[in-house]
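Down below is the structure, laid out as structure tokens.
The values are calculated or read from the model by the stated rules, or taken from the named source; none is laboratory data. It should be emphasised that the depicted structure is a prediction, and the values quoted were computed from it without experimental measurement. Note that each Cβ is placed from the backbone with ideal geometry, even for glycine, and that neighbours are counted across all protein chains shown.
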Amino acid sequence: MMALRRSQVLTTGGNVRNENKIEALALKKLRGIKGVNRREAGVLLGVSFKTIEKFENGRTALTRSKIDEILSGYGFSYDDFNNCCNGKSDKVKAKFVTIPKVIENKKLRRSYKRVITKEAQVLKAIRKLKGLSQYKASFLCGYHKTAIGHIENGRVEIPKSRIQHILEAYGFTMDDFDYHMKSEVFVTEIQDDCISIIRSLGEDKLKAVYPLLSTFKN
């Protein structure tokens, strides 16, 4: 039997709860395709495993923005989500299924010397632009939880293949990487400097610059 669309389920005697259940089951299916348990999914989304359980039990209303946030964390598209809702999960491909669980010592050799290359600085800047902690970034890459810190601190070699792997895990491309490699000052450094300057201002100066800063709000 052909799978009913969610709208058809609603118009054939279903209700909002039916739609929630379909969406919840679709998210659970995508998590399974991703190959992570609820605790690991919680790390990806920055929530507890209990929250993941609530997403998947059909008792919590899921807004479009919340669904988009979950899909982004898992690395899937809204089309993937719709396919699962319509019983077509076979059309959804797993993301990063070949990523190793930990970094092998023979592949990543730590050094007592710290050599923070431009490549390491760019990877750090891109991670911060994505809003990821080093721990979450390590998890996304399938690395040990301290690996990204070692990479960014210049204690681990980062050949091109590893750079590509990290970029894909973050959702960036080599073109993005090359663009930042050409930058003399990273945007994340500018952001940090601006925040530092603002925090150092006295009340009078802060009130004076606030109207100007407010004009840049979206």
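If the condition is being polar (S, T, N, Q) and assigned to a helix (DSSP H, G or I), then the stretch 49-71 contributes Thr51, Ser65.
Only one of the numbered conditions (1) at pLDDT below 90; (2) out of contact with any Leu (no Cβ under 6 Å at 6 or more places or on another chain); (3) part of a helix (DSSP H, G or I) is violated by Lys95, and that is (3).
Looking across Gly142, Gly171, one residue alone is outside the structural domain of Lys34 (by TED's automatic domain parsing) and touching a Pro at 6+ places or on another chain (Cβ under 8 Å). It is Gly142.
Does Tyr179 count as within 23 Å of the chain's Cα centre (by Cα), surrounded by 11 or more Cβ atoms within 10 Å (Cβ to Cβ) and either without any contact (Cβ under 8 Å) to a residue 40 or more places away in the chain or in the same structural domain as Tyr74 (by TED's automatic domain parsing) (or both)? Yes: the conditions hold for Tyr179.
Results for (1) exposed (fewer than 11 other Cβ atoms within 10 Å of the Cβ); (2) modelled with pLDDT of 90 or more; (3) touching a strand residue (DSSP E or B) at 6+ places or on another chain (Cβ under 8 Å); (4) of a type in the set (Asp, Glu), shown as yes or no for each residue.
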site	(1), (2), (3), (4)
Leu123	no, yes, no, no
Asn153	no, no, no, no
Asp192	no, no, no, yes
Tyr210	no, no, no, no
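Listed here are the helices (runs of 4 or more DSSP H) enclosed by the stretch 1-48 that have at least 3 residues being modelled with pLDDT of 70 or more, in contact with a Phe, Trp or Tyr (Cβ under 7 Å, 6 or more places away or on another chain) and within 17 Å of Lys88 (Cβ to Cβ): 16-34. Considering only residues that are hydroxyl-bearing (Ser, Thr, Tyr) and out of contact with any helix residue (DSSP H, G or I) (no Cβ under 7 Å at 6 or more places or on another chain), look in the stretch 56-76 and name the one that is surrounded by the most Cβ atoms within 10 Å (Cβ to Cβ). Only one residue tops the list, namely Ser72.
Beta carbons closer than 6 Å, at least 6 apart along the sequence or on distinct chains, pair a first residue in the stretch 104-133 that is in the same structural domain as Val156 (by TED's automatic domain parsing) with a second that is at pLDDT 90 or above and not in a helix (DSSP H, G or I) for Ile126/Phe172. Pairing each residue of the stretch 138-149 that is in contact (Cβ under 8 Å) with a residue 24 or more places away in the chain with any residue that is of a type in the set (Asp, Glu), provided the two are 6+ apart or on different chains, yields C-beta distances under 8 Å for Phe139/Glu40. Of the numbered criteria (1) surrounded by fewer than 21 Cβ atoms within 10 Å (Cβ to Cβ); (2) assigned to a helix (DSSP H, G or I); (3) of a type in the set (Lys, Arg), the one Arg127 fails is (1).
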